[in-house]
1. Taking K and R as +1 and D and E as -1, what net charge do the other residues with C-beta under 12 Å from the C-beta of Gly177 add up to?
2. Arrange Thr40, Thr145 by Cβ neighbour counts within 10 Å, fewest through most, would you?
3. What FRET efficiency, computed as 1/(1 + (r/R0)^6) with R0 = 51 Å and r the Cβ-Cβ distance, is obtained for His56 and Glu261, rounded to the nearest 0.05?
4. For the pair Glu200 and Ser162, what calculated FRET efficiency results from E = 1/(1 + (r/R0)^6), where r is the Cβ-Cβ distance and R0 = 25 Å, to the nearest 0.05?
5. What list do you get for Lys96, Lys176 if you sort them by fewest beta carbons within 10 Å?
6. Between Thr217 and Asn294, what FRET efficiency comes out of the Förster formula 1/(1 + (r/R0)^6) with R0 = 25 Å and r the beta carbon distance, rounded to 0.05?
7. Please state the shape class of segment 130-226: rounded when a/c is under 1.5, otherwise prolate if a/b exceeds b/c and oblate if not, all from the C-alpha gyration tensor.
8. Quick one: give the max-minus-min coordinate of the C-alpha atoms of the chain along each principal axis, largest first, in Å.
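Please treat every number below as a calculation from the coordinates, not as lab data. None of these values were measured; they are calculated from a predicted model. Every residue, glycine as well, gets a Cβ built from its backbone with ideal geometry; the counts of neighbours run over all protein chains shown.
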Amino acid sequence: MLYQTINGLKTKNPKLKILLSIGGYLFGSKGFHPMVDSSTSRLEFINSVILFLRNHNFDGLDVSWIYPGQKDNTHFTVLIHELAEAFQKDFTKSTKERLLLTAGVSAGRQMIDNSYQIEKLAKDLDFINVLSFDFHGSWEKPLITGHNSPLSKGWRDRGPSSYYNVEYAVGYWIRKGMPSEKVVMGIPTYGRSFTLASAETTVGAPASGPGAAGPITESSGFLAYYEICQFLKGAKITRLQDQQVPYAVKGNQWVGYDDVESMETKVQFLKNLNLGGAMIWSIDMDDFTGISCNQGPYPLVQAVKRSLGSL
């Protein structure tokens, strides 16, 4: 069974903590509504969660509600609080360690303001995973090129666009009341791509649509790192000094991505802020064979691990 296989990793690393995550992009809010809408259904859910986690030897639960709307704000807060209380109660009568409780949260300022009662969440969550990527992509209007996960704001950024970077998002969570040591910073192993609409190739260049789909992921506007490495052959690579991330252009295709250098820069940034750590989205999009990028298996994950050191 998959759960047994994953938990088997603890034989290699006894300190490894494995959390079960519920929700996700495709699950959205609709899946949560029937459960959070009444205290009875929440209690039933919470009891089933504890039973499931204990039976399968998980170390905790990650609630990845992407994302609670303004009307869901209170329900989300109550759910987290009731889970935290139940986990503590379970711990007092268990011989095992307390179950961990975490949440995957938005990096967008407007969403942060509307969706989260941060000071209350800070008391109940062990940490948050800030999804600090997808700041730009082929869904934007007007459609122009932009980096998926810039560390800092670009010199062109004005008004709301100055919020679309990792530094601002992480800082905003902390300013609103989340302790820095509970903030885990998301770093992507994929890039967002565009098809250029003119000869202009810089950040902010007009685009006609998403970039061509990769041969493996087969999703337009999106490339895994192992696909990006193949794309880079014959491409022009530019490192953005202001945003501290690279992008590459080949023909009419444009992709913003993270590489080993930008990973190391981001980890140094999070260490300087005394953040809780790094979250990688996702392991399977790194060059897991080591063949595509010729940097050994999992070059991005390894760069993060190496740079974190003894955080």
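1. Counting the neighbours of Gly177, the net charge comes to +4.
2. Ascending number of Cβ neighbours within 10 Å: Thr40, Thr145.
3. The pair His56/Glu261 has a calculated efficiency of 0.85.
4. After rounding to 0.05, the efficiency reads 0.70.
5. So the ranking, lowest neighbour count to highest, is Lys96, Lys176.
6. It comes to 0.80.
7. It comes out oblate by the Cα gyration axes.
8. Between the extreme Cα coordinates on each principal axis of the chain lie 65, 43, 36 Å.
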